[in-house]
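Enquirer: Questions regarding the structure given below will be posed in turn.
The values are calculated or read from the model by the stated rules, or taken from the named source; none is laboratory data. From a predicted model like this one, the values you see are computed outputs, not experimental measurements. With ideal geometry, Cβ positions are generated from the backbone for all residues, glycine too; neighbour counts draw on all protein chains shown. For accessibility, only protein heavy atoms count, side chains too; no ligands or nucleic acids. Shrake-Rupley method; radii C 1.70, N 1.55, O 1.52, S 1.80 Å.
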Amino acid sequence: MMIKKGSDPPPIRPSFRPFLRSSSFLIRGSWTHHILDPGGQIVTRWNYIFLVSSLVSLFLDPLYFYLPSSDPLSLCLQINLNLRIIVTFFRTVADLFYLVHMVLKFRTAFVAPSSRVLGRGELVMDPRQIAIRYLKSDFLLDLAATLPLPQVVIWLIVPAVKSSATGQNSNTLSLIVLIQYVPRLFLIFPLNRRIVKTNGVVTKTAWAGAAYNLLLYILTSHVLGASWYLLSVERLRSCWSIECAKENGTMHMPMCEPSFLDCNSIKQPERHSWLNTTHVFSNCNPENIDTTFIYGMFAEAVTNEVLSSPFLEKYLYCLWWGLKSLSSYAQGTAVSTYASETSFCILICIVGLVLVAHLVGNMETFLQSTTMRLEEWRVKRRDIEEWMQHRQLPEDLRERVRRFEQYKWLATRGVNEEPILRALPLDLRRDIQRHLCLALVRRVPFFSQMDDQLLDAICERLVSALSTQYTYIVREGDPVNEMLFIIRGKLESSTTNGGRSGFFNSITLKPGDFCGEELLTWALMPDASNLPSSTRTVRALSEVEAFALRSEDLRYVANQFKRLHSKKLQHAFRYYSHQWRTWGSCFIQVAWRRFQKRKLAKQLAKQESLFYMTMQDQNEEYDYDYSDELPLDNPAESSTMDNQNFQHLGATILASRFAKNTKRGVDQKIKMGGPSAVSLKMPKLMKPDEPDFSVGKDDGR
């Protein structure tokens, strides 16, 4: 989207408004004329990058103090060329970040002070006004921090001055570094404030904040150690200069020239002859008992040969010295009466006192924030234990309370979500609840039949519910105040149909199931006032995580049901409701037993009619006596036939009596209650109330 200067901005289409609100820059003109938003993503990320580069730059500048060193073989002072090249390269790269920071400040909008009445205020995006404001405020400080002064001194000015010595070079370089170190150090503080103003904190985690404060402490120790090293070199050079001045050519000794102390004069023949007879280096040795020069706090560097050690060894030793002196406020350090040395120790004491207090305070704050929740939970558990002991609760109740608190800590880590969500605007809270709950709610089969509008209304009102093992969620006959949708764990749902003897039904609820459907029926009844009674007892079989939909929220959501397809939701509710499933199974069982009894009655009646027909045929056959005509050749066979006929006759008589009694009972029940009374006697289970999913009269549909 391009906005030309001097013209009215074109209308913004609604689809691009969220993008422009969240954009990191406000575009004006071409790409080279971007105006950055001070609270945008680009400026925020750059502030973090520039903070890191500034800390690196503050770390690099004191490395210039390590350039001068002592050559133990040639007994002279020299400049470390390799270290000078490396430090110059990284220092130049760090200067580029300062230059980019200045350019970005010319293109970053600012909030007009007159518009800070309510909210954030109005951004000023005119490049001319931005440039004028920057030139009047921070331009000189940023320019002083950006100039490559040490590089110019060490590579241009020092080689141009041919009469310069190593000591003079180090003094000039250290002065330039210290002068530029102050504005670079002061840039850290407004940068910190700007990051805190934009993000609220510099670091997102407590451990990162503790490390950041510790890094500042180490950086100060690094600066003190490097300064101590440079002052030690200067102290050694001062001793050499004093002893060199004493050798003025008398007492048959060659005259000492100050240039002999510099390693640039190693190849001079005069220096070789002077080196063989001079007492400068022996008189400046602090281990020599005849030495009259007082090194003070710098004697340690000369005695331990820190000045002539490799770079890594001397750097670590100086860093250790800085940490030791800063943490102990320079106690135990042998100080001479020289004003510069005493001032340096006073500075160490003051800086150490301030930084240690700042570091200890911030470190304590950050480290306590990492264990704050854990400490609150520990104190809460202690209070609960004292309360249970004071109230003399039995051990089983105490154990249940401990188990619930432990499970709540594992599930939430002591964070209460409700106050956090209530503090957010409605639209953002709805999106967060949708992100957290929508996928889980869709796992509930009953909710999978609903559209996104209703699911958003449900997700917005769901609250987390935790239950430990063997905890009763609701008991049969108690009022139901919430519907529970299981996410993890198992529940046992059982009923005795109001305590009726001979009736018991139990099912297991798994993730995706729900309980408390009586509340849905109550919510769909406009005239219902009292909460419904539970028809089932629900108990947790394991640790359960679920979402709860409270009665007042469910009544609001139930009003949305009337705008949906009523038949579809009605069938879904009947199918997935365990109360309706129990009633349906009992109804099917009664109908099946009624069918089986009717079938048995028909079979008995049929057998009875066949029996009478058989008896009648046998009577007709027995009217004629065939016994006289048939010979009785086998008496045993005749007796077997008599026994079989007798058994058939007995079975037929018993079947006839059972059929007669059954028919008499059926006739009596038909006379008393009609054909539906033929069913077996079973405990009667009332049909559940029918939720009203139909469209209300107020809807006008």
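Enquirer: Residues of region 379-425 being under 24 Å from the mean Cα position of the chain (by Cα) and of a type in the set (V, I, T), which ones?
Expert: Once the filter is applied, which keeps residues that are under 24 Å from the mean Cα position of the chain (by Cα) and of a type in the set (V, I, T), region 379-425 yields V379, T412, V415, I420.
Enquirer: Here is a list: I242, I266. Which entry is in contact with a strand residue (DSSP E or B) (Cβ under 9 Å, 6 or more places away or on another chain) and touching a residue at least 40 places away in the same chain (Cβ under 8 Å)?
Expert: Every option except I266 fails the conditions.
Enquirer: Taking the criterion of being under 28 Å from the mean Cα position of the chain (by Cα), part of a helix (DSSP H, G or I), farther than 26 Å from S467 by Cβ and small (G, A, S), would at least one residue in region 361-378 satisfy it?
Expert: Within region 361-378, one or more residues are under 28 Å from the mean Cα position of the chain (by Cα), part of a helix (DSSP H, G or I), farther than 26 Å from S467 by Cβ and small (G, A, S).
Enquirer: Okay, moving on. Restricting attention to region 395-441, which residues are open to solvent by 70 Å² or more (accessible area, probe 1.4 Å), outside any helix (DSSP H, G or I) and of a type outside the set (S, T, N, Q)?
Expert: R413, A423, P425
Enquirer: To continue, here is another question. Restricting attention to region 320-335, which residues are in a helix (DSSP H, G or I), farther than 12 Å from V356 by Cβ, open to solvent by 30 Å² or more (accessible area, probe 1.4 Å) and among the hydrophobic types (A, V, I, L, M, F, W, C)?
Expert: Matches in region 320-335: W320 only.
Enquirer: Quick one: which residue in E257, E287, E270, E341 is acidic (D, E) and either open to solvent by less than 60 Å² (accessible area, probe 1.4 Å) or under 21 Å from G225 (Cα atoms) (or both)?
Expert: E341
Enquirer: Also, quick follow-up: Filtering region 509-538 down to residues that are among the small types (G, A, S) and more than 24 Å from T471 (Cα to Cα), which residue is least open to solvent (accessible area, probe 1.4 Å)?
Expert: A523
Enquirer: State all residues of region 539-584 that are open to solvent by 10 Å² or more (accessible area, probe 1.4 Å), outside any helix (DSSP H, G or I) and modelled with pLDDT of 70 or more; if no residue qualifies, say none.
Expert: Answer for region 539-584, where residues must be open to solvent by 10 Å² or more (accessible area, probe 1.4 Å), outside any helix (DSSP H, G or I) and modelled with pLDDT of 70 or more: R539, L541, S542, E543, E545, F547, R550.
Enquirer: Mind listing whichever residues of region 468-483 are at pLDDT below 85, in contact with a Leu (Cβ under 8 Å, 6 or more places away or on another chain) and either under 13 Å from A546 (Cα atoms) or surrounded by 22 or more Cβ atoms within 10 Å (Cβ to Cβ) (or both)?
Expert: Residue satisfying the conditions is M483 alone.
Enquirer: Now a separate question. Filter region 31-53 down to the residues that are out of contact with any helix residue (DSSP H, G or I) (no Cβ under 6 Å at 6 or more places or on another chain) and either open to solvent by less than 70 Å² (accessible area, probe 1.4 Å) or touching a residue at least 24 places away in the same chain (Cβ under 8 Å) (or both) and list them by number.
Expert: Answer for region 31-53, where residues must be out of contact with any helix residue (DSSP H, G or I) (no Cβ under 6 Å at 6 or more places or on another chain) and either open to solvent by less than 70 Å² (accessible area, probe 1.4 Å) or touching a residue at least 24 places away in the same chain (Cβ under 8 Å) (or both): H33, H34, I35, D37, P38, G40, V43, W46, Y48, I49.
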